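What follows is one structure encoded as structure tokens, with my remarks underneath.
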Amino acid sequence: MLQGKEVKIKEVLEQVDSIPYEAFDDYLEVVLEFGYLTLFAECFPLAPVFIIIVNTIEYRSDIFKLTTLYKRPHFQRKRNIGSWHLIIQFLATLAVFTNLALTVSPTRDSLLKGYISDGLQFSRIFMFFLMEHFVFILIILIRILYKSQCDWVTLFLQRRENGSNKGIWRKLFSKSSKK
């Protein structure tokens with residue numbers, strides 16, 4: 001029986017001596033992967049399949065890393081992913097430009113080549129801007145028409161905020177009544 005307790009104590013001491021975990025590298029890895037996937041989706045359409053395979057392997061290695069190599073991370077409640085959200089939005093916006101530029105760029109087997117030379121007579125730059133504006137108008141319409149949060153999530157957040165405000169007022173009233 002004593003041997004089981006000694007093993008647990010040994011595991012705890014190893015955990016204390018291990019390196020602290022930083023989530024920055026994991027976020028950076030995911031954002032870089034997202035950037036490569038979205039910015040150059042036109043060049044390599046099979047990239048999502050390979051990314052799923054790589055992420056499955058990465059998931060397993062992260063489990064090993066968190067359970068054996070690093071200290072257990074301390075729980076910290078966060079409202080969102082912080083500045084990473086802005087970076088992801090920037091990459092998604094930039095991806096519209098890069099993919100449209102790759103689509104409209106002149107190549108031997110371009111789909112637009114026959115249309116441009118056969119009678120539409122649009123320049124490639126005009127076609128690029130026309131398609132780019134259409135995509136951004138579509139994105140704006142989707143953001144207007146669809147909510148970013150479900151109704152029950154919004155209600156929950158409002159109730160939580162209201163409850164925390166009541167707690168603040170109760171503390172203030174209890175301090176003022178004691179004086």
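The values are calculated or read from the model by the stated rules, or taken from the named source; none is laboratory data. Everything numeric in this text was worked out from a predicted model, so none of it was measured. Backbone-built Cβ (ideal geometry, glycine too); neighbour counts: all protein chains shown.
Take the residues in region 16-53 that are loosely packed, with under 11 Cβ neighbours inside 10 Å and of a type in the set (V, I, T), then tell me which one is nearest to H85 (Cα to Cα).
Among residues in region 16-53 that are loosely packed, with under 11 Cβ neighbours inside 10 Å and of a type in the set (V, I, T), the one nearest to H85 (Cα to Cα) is I52.
Give the residues of region 64-102 that are more than 29 Å from V153 (Cβ to Cβ), of a type in the set (A, V, I, L, M, F, W, C) and exposed (fewer than 13 other Cβ atoms within 10 Å of the Cβ), sorted by residue number.
F64, L69, listed by residue number.
Given the criterion at pLDDT 90 or above and not small (G, A, S), identify the matching residue among I52, I63, I81.
Working: I63 fails: at pLDDT 90 or above; I81 fails: at pLDDT 90 or above.
Criteria check complete, one pass: I52.
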